[in-house]
Amino acid sequence: MNAIAEKNSILRCEDIEVSYGAFKAVSNVSYDFKPGLLYGLIGPNGAGKTTLMNALSGRAKLSKGRVFLNDQEITGKSPHARTWAGLGRSFQITQIFAEMTVFENLRLAAQAHRFRLQPFWRPVGKFKEIANDAERVLSEIGLEGFGHVNAGSLSHGDQRALEIGLALLSEPKVLLLDEPLAGVGHDVVETAVELIRKVSQGRTVLLIEHNMDVVMEISDEIIVMLAGEVLASGEAETIKRDPRVRTAYLGEEE
Amino acid sequence: MSTIVIGLSMGMLLFLLAAGLTLIFGMLRVINFAHGSLYMLGAYLAFQMVSVTGSFWAGLVAAPIIAAIIGALMERIALRPVYDRDHVYQLLLTFGFILVLDEAVRIIWGLEYKQMYPPELFAGAIEMFGSSVPSYRLFIIGFGAAVSAALFFMLDRSRYGMIIRAASGDPEMVRTLGINVSLVRTGVFSFGAGLAALGGAVAGPLFPIELGMGFNIIIDSFIVVIIGGLGNIRGAVMAALLIGMTRALGYSYAPSWVDFLTFILLIGTLILRPEGLFSRKGRTA
Amino acid sequence: MNAQRFLALIVAIIISVPLLFPGGHNIGLVNAILIWSIFAIGFDLVFGIAGMLSFGHAAFFGVGAYTLSLLTMRMGWDFLPALGAAGVIGGALALVFSYFAIRVSGLFFALLTLALSQLIYIMAGTKLRMLTGGVDGIAGVPRPDLFGIDFYDDGNYYFFLLALFVLALLISGLIRISPLGQALKAIKSNEVRAEQIGFNVQRLQRSVFTISGIYAGVSGGLLASLIFYVGPQMLHWSTSGDVVIMVLLGGMGSLFGPILGVAIFEIMREWLSMQTSHWYGILGLVFIICTIGMPKGIAGLIIQLWDRIMPGGKS
């Protein structure tokens, strides 16, 4: 790997492998993610997309390989340490604090980002800076006016937006989004895609998504996974024409 | 020689308790804190039957049946309403059972120690390899082995075993197949309670029957169940024999360290391999 | 007035009984309620706020009691520094426990804390008999000697305990609404998400477990001085069970709930044990019924009733 390539990568994985017993969920994956680009990660179910995301965010243990964020090695670091280093993510199954209000959800994320040791000598309401952060993101994700609503009673689409908001508050340089459009109603897909476009401004995004039209449209680069390995990567047009991808997806003969 | 016999008989006794605990956990995801109390209840019930009928065997049969009925009631009345809550509530409920069962025993039988005698058939001792071994201990080993063989046969071969295994894996699926899962749960809990009481009845002639006997053995049973792997009944056999032998050896060579050893085994297992020493599955993320 | 204030009022009335009815015979009972309340308030930080069920708090409680007794009786320490040491040792032991126990979660956490505390119990009864007096315990634990006040009089000791109780309540109240308390609630609500937004989950859990250990150590020391005695029973797992019952009975996760639970537990112990020797079994029944019927305890029930009676005045 030459010096220029290293300078230009924000997130890099080297030959990573995640295995459960004899089963290799992810193997031989090496990739350089460049700053500011939006990567679409596609592949059939069971291809290892979410496991790769788990490996990057620290939820899955690597059996082999290394991960670097901004040229700092983060292999083996816990998820919260990676968040601190600038890696945010959303989950396939919505993970929010369901019985708290939307504002409280966001304030918690702001607080987690601001304080390394959580203060215990003042009520949380007295820390104006975290309330301001929360308010800012509340409008960024288009949930103004929903601050006092219980997060669990939001519509599914709004919960997905809240999840992205929670990730945004850690001011991530790299954002991993695991199927942010899954289960989102047709009428609001446009809004959701708009939000993804907006949050990808100035940061690297890795997006797992099954809606091919959306992925092809908004990604700068597409990565195709199959059986735990990266099958192909490149611009949308190249990928669409790639015979290996066509075989994998459509079962066409090469 | 007698150390081995004591170890094996302890192991078999522990297995009777651990089998119930681990079956209940596998099926209901409940760690039954009150299992020791059911064991104690079994001993008292057997004692009562023996003093009424004069027959040890009557006690051995009646105690588990009565305890199984009590277990079924416990599951129906108390546990069923809280299945959809956090598992912690179920644990707390079984903790409440301890208080009630212990009190019930205190009210019925009082505080003084009770003594039970082995049946005449196994009252003596047998010479084995130059040492004298109480034949009742040998009976326990044989009885325990028979019960575990029956248990394995039932779980592996019978329709009930298949339902139980399927229902502990995926209750929703089994329910859609038309099986009454809630009945299976009651059955398993009741069966586990019966096994605990059977253990108590068998242990009756070995130890003084007293209120504290439940707690003394429950810790060991937890150790067995956890070392064997929660819900893993084969692991429980191995672990029960391991703990039984450890105890027996400990008593003869370093009596004051026995409790330490077993606790440290438990703590070590919980920390290093919470899925159990005898579990084949690797730890999943 | 909202429901929370109403709860506060009930608590205030319970603990000020000796002031409202001076010269009554309830002073010993109220003193015990104050001490157990400190224990329960601290326990609820772990159980109600952070959502960790510990069955090992007897260890911190008992070790605090032994620390205070040994330091004052054998080492000649003054009461207050010894009480501080009881808190420190209780907290330190909790920190040690947490390093082992937090690696596992849920039911395993409960079992592991239980096993660790029983290990301490066995040690106190056997290996450390020289220090602890074995099953006999240590009699003659002193009370504080301050400002020339005779704290051996229960009426005077009440004020000392009341001051500590109020302090404990204030600190706990502050922790609950502070960023620390919010972070702990977040962990209880969704651990995966809490970790992903950058909370160091294990460190936060260790912190609250330690704080709770300090509460337990202090209250254990105070109980030893109240009854002039410390014995291994305080280390026994049934003591952990008692505090679980108290908190669940009163209402886990609420500031005043655990105190109500303690009050009811202690009053039942006092009255029922006079009526019948089987009060513990009755307690068990009450506990089972409460666990099934009112998971939020008496505090939760009162809040619910209050909101129904006083529509519009939402708490």
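Below, the figures for the structure above:
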read-out	value
Antiparallel bridge percentage (DSSP; both residues within the protein assembly as shown; nearest 5)	65
The range B:94-166: C-alpha gyration tensor shape, a/c 1.5 cut-off, then a/b vs b/c	oblate
Part-to-part distance (alpha-carbon centres) for the range B:147-172 and the range A:187-226, which is given in Å	48
With Cα atoms, 0 to 90° folded angle of helix B:87-109 axis to chain B main axis	40
D_trans [Stokes-Einstein, Kirkwood Rh over alpha-carbon pairs] for the range A:3-250, 37 °C, 0.692 mPa s, µm² s⁻¹	175
Bins of 10 Å, starting at 0 and running to the largest distance - Cα pair percent for chain C	6, 27, 35, 24, 7, 1, 0
Residue-normalised accessible area of the range B:2-272, given per residue in Å² at a 1.4 Å probe	40
Gap separating the Cα centres of the range B:63-98 and the range C:152-213, nearest whole Å	32
Cα Rg, Dmax, the range A:44-84, angstrom units	10.7, 32
Euclidean distance of C-alpha centroids, the range A:63-80 and the range A:154-185, integer Å	23
Whole-number percent relative contact order across chain C, with pairs defined as alpha carbons under 8 Å at least 6 apart	33
Cα-Cα separations in the protein assembly as shown greater than 34 Å, expressed as whole percent	59
Carbon and sulfur %, accessible surface of the protein assembly as shown computed with the full protein complex present, 1.4 Å	62
Mean projected area in nm² (Cα convex hull; one quarter of hull surface) for the range C:185-315	11.3
Kirkwood Rh and Cα Rg combined as Rg/Rh, chain B	0.96
Degrees, to the nearest 10: B:233-253 long Cα axis against longest axis of chain B	30
For the pair B and A, total buried accessible area rounded to nearest 100 Å², probe 1.4 Å	100
Average accessible area per residue (Å²) across chain A - probe 1.4 Å, nucleic acids and ligands excluded	46
Residue A:25 long-range amide H proximity, modeled H, under 5 Å	A:18, A:19, A:20
Contour minus Cα-Cα distance for residue A:241 and residue A:115 (0.36 nm per residue)	40.5 nm
Total accessible surface hidden between A and C, rounded to 100 Å², 1.4 Å probe	2500
Charge dipole (chain A, unit charges on Cβ, about Cα centre) - positive-most of A:60, A:145, A:25	A:60
P(r) weight above 20 Å for the range B:108-260, C-alpha pairs, percent	62
With Cα atoms, 0 to 90° folded angle of helix B:35-53 axis to chain B main axis	50
Accessible area in the full protein assembly, largest first, 1.4 Å probe, for C:57, A:148, A:113	A:148, A:113, C:57
Inverse mean reciprocal Cα-Cα distance (Kirkwood Rh) of the range A:186-241, Å	12.4
Gyration tensor verdict on the range A:65-173 (Cα atoms; rounded if a/c is under 1.5, prolate if a/b is larger than b/c, oblate otherwise)	oblate
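The values are calculated or read from the model by the stated rules, or taken from the named source; none is laboratory data. All values derive from a computational prediction rather than experimental measurement. Note: ideal-geometry Cβ built from the backbone for every residue, glycine included; neighbour counts use all protein chains shown. All accessible areas refer to the heavy atoms of the entire protein, side chains included, with ligands and DNA or RNA removed. Shrake-Rupley method; radii C 1.70, N 1.55, O 1.52, S 1.80 Å.
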